[in-house]
Amino acid sequence: MKRVLLLGGVTEALAIARTLGPQHIYSLAGVGRVPTDLTCQVRVGGYGGAEGLAQFIHDKGVDLLLDATHPYAAQISQNAATASRLSGIPCWALRRPAWQAQTGDDWREVSDWAELIQALQPFRRPLFTLGREPLQHLQEIPPEQFWTLRALDVYPGNERCEVIGARGPFLIDDERELFERRQIDVLISKNSGSTATEPKLEVARERGVPVIVLTRPVLPGVDREFLSREETLDALAAFVQ
Ligand code: NAP
């Protein structure tokens, strides 16, 4: 019987994991919630790089690696591609399509933190939705700015930054209220392509608020790439039968 190692990290990965039988393994970094109600095996924590992952694949007799990690989780995707080469098993990936700017959007793309800080200069009340990375820069906030930072969990802020802990999916009315109450004048976002976090973009559009978008990392080539959970499940069903 074929064994799949599913690298998770996004909502679609959990949905796929729910369909897997007990011989398969669902692998998580351990940064988010770990489900306890799955039929498949759940493994939490890193492998120590591509070689460690290849060793695990060998030890467990894995036949297929399925990368369903976040589009900005570039390291694990690279490790997966390398480990599949080292192990001689195929690597597939579920890669969510990116959001596309629509009429009325003012999106400004930046590729790193330095460019982001430059692009932020004209603004006063940014809303960061990048995860934890901005926490490392709280001492650099210019006196004329007040940052709102939304991450999965609450962390200490400072006199010029408030950190909100919240997990999607986010509702449009709540996002409207957030932008209004905090007088957000610029949104900073990854281009995750997730419907769960998309309402903030609609609110930015409604309010004419610019969006600074962090460029997606380049991900490695894989044997098969899927754009949706449904496509991935069809291919998996054919592979494991
Ligand atoms: P990353 O930089 O690509 O990965 C860092 C390290 O974490 C990897 O080298 C690996 O450690 C370990 N790791 C990552 N995903 C793993 C998995 N599914 N199973 C076992 N180990 C894993 O990724 P990240 O940006 O820190 O994200 C970590 C996890 O959170 C990913 O699963 C990702 O899908 C999820 N996530 C990320 C974002 C984001 O914006 N980056 C957003 C939502 C969810 P070893 O090298 O030791 O194996």
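How about the range 1-52: which of its residues are of a type in the set (Gly, Ala, Ser), outside any loop (DSSP other than H, G, I, E, B) and more than 12 Å from the ligand (Cβ to nearest atom)? Break it down stepwise before answering.
Quick first cut of the range 1-52, residues of a type in the set (Gly, Ala, Ser) only: 8-9, 13, 15, 17, 21, 27, 29-30, 32, 45-46, 48-50, 52.
Keeping just the survivors that are outside any loop (DSSP other than H, G, I, E, B) gives 13, 15, 17, 27, 49-50, 52.
Result: Ala15, single match.
Output the residue which, of all residues in the range 158-194 that are touching a residue at least 60 places away in the same chain (Cβ under 8 Å) and among the hydrophobic types (A, V, I, L, M, F, W, C), is farthest from Arg132 (Cα to Cα).
Out of the qualifying residues, it is Val186.
Being in contact with a helix residue (DSSP H, G or I) (Cβ under 7 Å, 6 or more places away or on another chain) and either among the aromatic types (Phe, Trp, Tyr) or buried (at least 18 other Cβ atoms within 10 Å of the Cβ) (or both) is the filter here, so list the residues in the range 31-65 that pass it.
Cys40, Tyr47, Ala50, Leu53, Ala54, Ile57, Leu64, Leu65 - these are the residues of the range 31-65 that are in contact with a helix residue (DSSP H, G or I) (Cβ under 7 Å, 6 or more places away or on another chain) and either among the aromatic types (Phe, Trp, Tyr) or buried (at least 18 other Cβ atoms within 10 Å of the Cβ) (or both).
Are any residues in the range 155-194 crowded, with 18+ Cβ neighbours inside 10 Å and among the charged types (D, E, K, R), and if so, which ones?
Within the range 155-194, Glu175, Lys190 meet the criteria.
All but one of (1) out of contact with any Asp or Glu (no Cβ under 6 Å at 6 or more places or on another chain); (2) within 11 Å of the ligand (Cβ to nearest atom); (3) open to solvent by less than 40 Å² (accessible area, probe 1.4 Å) hold for Ala98; state the number of the condition that does not hold.
(2)
Kindly indicate which of Ala68, Ala74 is among the hydrophobic types (A, V, I, L, M, F, W, C), surrounded by fewer than 19 Cβ atoms within 10 Å (Cβ to Cβ) and within 30 Å of Val203 (Cα to Cα). Before the answer, list the steps.
Working: Ala68 fails: surrounded by fewer than 19 Cβ atoms within 10 Å (Cβ to Cβ).
On inspection, the qualifying residue turns out to be Ala74.
Working only within the range 106-138, note down all residues that are of a type in the set (A, V, I, L, M, F, W, C), within 16 Å of the ligand (Cβ to nearest atom) and open to solvent by 20 Å² or more (accessible area, probe 1.4 Å).
Passing the criteria: Trp113, Leu135.
Residue under question is Pro35, and the condition is that it be in contact with a strand residue (DSSP E or B) (Cβ under 9 Å, 6 or more places away or on another chain), over 30 Å from Asn191 (Cα atoms) and not polar (S, T, N, Q); does it hold?
Spelling it out, it is not the case that Pro35 is in contact with a strand residue (DSSP E or B) (Cβ under 9 Å, 6 or more places away or on another chain), over 30 Å from Asn191 (Cα atoms) and not polar (S, T, N, Q).
I'd like to know if the range 75-85 contains one or more residues that are in the same structural domain as Leu236 (by TED's automatic domain parsing) and assigned to a loop (DSSP other than H, G, I, E, B).
No: zero hits.
Has the range 17-38 got any residue that is touching a Leu at 6+ places or on another chain (Cβ under 7 Å), in the same structural domain as Pro90 (by TED's automatic domain parsing) and acidic (Asp, Glu)?
no
When the range 77-95 is examined, which residues are found to be open to solvent by 60 Å² or more (accessible area, probe 1.4 Å) and within 11 Å of the ligand (Cβ to nearest atom)?
Restricting attention to the range 77-95, the residues satisfying the condition of being open to solvent by 60 Å² or more (accessible area, probe 1.4 Å) are 78, 85-86, 88.
The answer is Gln78, and nothing else.
Within the range 223-232, which residues are more than 16 Å from the chain's Cα centre (by Cα) and either open to solvent by 70 Å² or more (accessible area, probe 1.4 Å) or not assigned by TED's automatic domain parsing to the domain that holds Thr11 (or both)?
Scanning the range 223-232 gives Asp223, Arg224, Glu225, Glu230, Glu231.
Within the range 195-222, how many residues are free of Cβ contacts under 8 Å to residues at least 60 places away in the same chain and either open to solvent by 20 Å² or more (accessible area, probe 1.4 Å) or within 19 Å of the chain's Cα centre (by Cα) (or both)?
Total satisfying the criteria: 5.
Of all the strands (runs of 3 or more DSSP E) wholly in the range 158-237, which have at least 2 residues that are farther than 30 Å from Gln23 by Cβ?
It comes to 161-165, 186-190, 211-214.
The values are calculated or read from the model by the stated rules, or taken from the named source; none is laboratory data. Fair warning: this is a prediction, and the values are worked out from it, not measured in the lab. Neighbour counts are summed over all protein chains in view; Cβ atoms, including those assigned to glycine, are modelled from backbone coordinates with ideal geometry. The protein model used for the area step is the full one, side chains on, heavy atoms only, and it has no ligands, DNA or RNA in it. Shrake-Rupley method; radii C 1.70, N 1.55, O 1.52, S 1.80 Å.
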